[in-house]
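The values are calculated or read from the model by the stated rules, or taken from the named source; none is laboratory data. Values in this document were obtained by computation on a predicted structure and should not be read as measured data. Every residue, glycine among them, receives a Cβ derived from its backbone with ideal geometry; neighbour counts consider all protein chains shown.
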Amino acid sequence: MQLRVLGAAAGGGFPQWNSNAPACRRARSGDPQAQPRTQASIAVSVDGDHWFLFNASPDLRQQIEATPCLQPSHGLRSSPITGVVLTGGDVDAIAGLLTLRERHAFTIYATTAILEVLDTNPIFEVLARDIVVRQSVTLGEQTALTLPDGTPSGLSIELFAVPGKVPLYLEGDTAPPIVESDTTVAAMINGPARHLFFIPGCARMSESLARRLQGADAVLFDGTLWTDDEMLRSGVGSKTGQRMGHMSVSGPNGTMAAFRTIDVRRKILLHINNSNPVLLDDSRERATVAAAGWEVAFDGMEIDL
């Protein structure tokens, strides 16, 4: 099973277009210790010829141009992209679908709730329904990812709910509760002999999630914030991580603490906000996560299992 990290940053990317914070200034200046990152997405394949995207970020065109295995290789028009699996309905997970509007056949795999988000927004009708299939995935059931001719790809997924909230643009006037529903899901990706998890958003570690992750070959996990209040303290935002539906990396209730008793072969942070100092190679926080056995994802990272 081959995995390519197309983007490792949270919404807005790194540097964020309107951020003049110190870390973003370092990234913009070409500082080699502050490597830019696009918005979170991965691509997975068994044969190296047919690739499935997990989330379609607004940066997808840039990501394809930076990833040779996703580029056309035959005929006047073609693409190795065979399907897109959506784990949520936030803008940074679905906006890239609009990049794939040039009448290329592929399948969108998502829960009914997320497909309804696409169905109710007419702009997504640019994905011609006669060639782009929208396949509803039932939580907790194994779903085979298929090639264009309907044959198995060698990959299957299981989507399951993790603690989270509805997309920002669907929030009402009051803060939505953190719930486990089909609007924020994780993906277990099964290959011929290995399995991994893609979890770009998670508000807390539940007992059921911890049990699922035991023994995984790799987990790519929500690394949005270092501390729950970092955006408040740095003056770049008005919400805590919990308010946004993300657990922090550090602290007694954070990601590093939650994984201390979970046996995972490779632990990788992604969906990292531009305010999180783990993005900086020379930061104390980066050294801390490395000492705890964590890797920090970067655009172009290759993982072969």
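Find the residue count for region 59-91, including only residues that are modelled with pLDDT under 95 and acidic (Asp, Glu).
1
Give the residue that is surrounded by the most Cβ atoms within 10 Å (Cβ to Cβ), with candidates limited to residues of region 107-160 that are more than 24 Å from Leu3 (Cβ to Cβ) and among the polar types (S, T, N, Q).
Applying the filter and picking the extreme gives Ser136.
Conditions (1) touching a Gly at 6+ places or on another chain (Cβ under 6 Å); (2) over 27 Å from Arg194 (Cβ atoms); (3) crowded, with 16+ Cβ neighbours inside 10 Å, marked per residue:
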{"position": "Ala9", "(1), (2), (3)": "no, no, yes"}
{"position": "Gln16", "(1), (2), (3)": "no, yes, yes"}
{"position": "Ala23", "(1), (2), (3)": "no, yes, yes"}
{"position": "Pro32", "(1), (2), (3)": "no, yes, no"}
{"position": "Pro36", "(1), (2), (3)": "no, yes, yes"}
{"position": "Gly48", "(1), (2), (3)": "no, no, no"}
{"position": "Trp51", "(1), (2), (3)": "no, no, yes"}
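Residues checked against (1) of a type in the set (Ser, Thr, Tyr); (2) touching a helix residue (DSSP H, G or I) at 6+ places or on another chain (Cβ under 6 Å):
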{"position": "Leu6", "(1), (2)": "no, yes"}
{"position": "Ala10", "(1), (2)": "no, no"}
{"position": "Asn20", "(1), (2)": "no, no"}
{"position": "Ala23", "(1), (2)": "no, no"}
{"position": "Gly48", "(1), (2)": "no, no"}
{"position": "Ser57", "(1), (2)": "yes, yes"}
{"position": "Pro68", "(1), (2)": "no, no"}
{"position": "Ala95", "(1), (2)": "no, no"}
{"position": "Thr99", "(1), (2)": "yes, yes"}
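Every residue in region 28-49 that is part of a loop (DSSP other than H, G, I, E, B) and polar (S, T, N, Q), please. Outline the logic, then answer.
Within region 28-49, the subset part of a loop (DSSP other than H, G, I, E, B) is 29-36, 38, 40, 46-49.
Selection gives Ser29, Gln33, Gln35, Thr38.
Looking only at region 196-211, which residues are surrounded by 19 or more Cβ atoms within 10 Å (Cβ to Cβ) and either acidic (Asp, Glu) or touching a strand residue (DSSP E or B) at 6+ places or on another chain (Cβ under 7 Å) (or both)?
Applying the first criterion (surrounded by 19 or more Cβ atoms within 10 Å (Cβ to Cβ)) to region 196-211 yields 196-203, 205, 209.
Leu196, Phe197, Phe198, Ile199, Pro200, Gly201, Cys202, Ala203, Leu209, listed by residue number.
Could you tell me which numbered condition Ser78 fails, if it satisfies all but one of (1) in a helix (DSSP H, G or I); (2) over 19 Å from Met188 (Cα atoms)?
Checking Ser78 against (1) in a helix (DSSP H, G or I); (2) over 19 Å from Met188 (Cα atoms), the one that fails is (1).
Report yes if some residue within region 117-137 is assigned to a helix (DSSP H, G or I) and among the acidic types (Asp, Glu); otherwise report no. Quick ask: steps written out before the conclusion?
Taking region 117-137 and keeping what is assigned to a helix (DSSP H, G or I), we get 117-119, 122-126.
The next check asks that each one be among the acidic types (Asp, Glu); those that pass are 119, 125.
Yes, the conditions are met somewhere in region 117-137.
Could you list, in sequence order, the residues of region 101-116 that are within 13 Å of Thr87 (Cα to Cα), outside any loop (DSSP other than H, G, I, E, B) and touching a residue at least 24 places away in the same chain (Cβ under 8 Å)? Working first, answer last.
Looking only at region 101-116, we keep the residues that are within 13 Å of Thr87 (Cα to Cα), and these are 108-115.
Now restrict to residues that are outside any loop (DSSP other than H, G, I, E, B): 108-110, 112-115.
Residues satisfying the conditions are Ile108, Tyr109, Ala110, Thr112, Ala113, Ile114.
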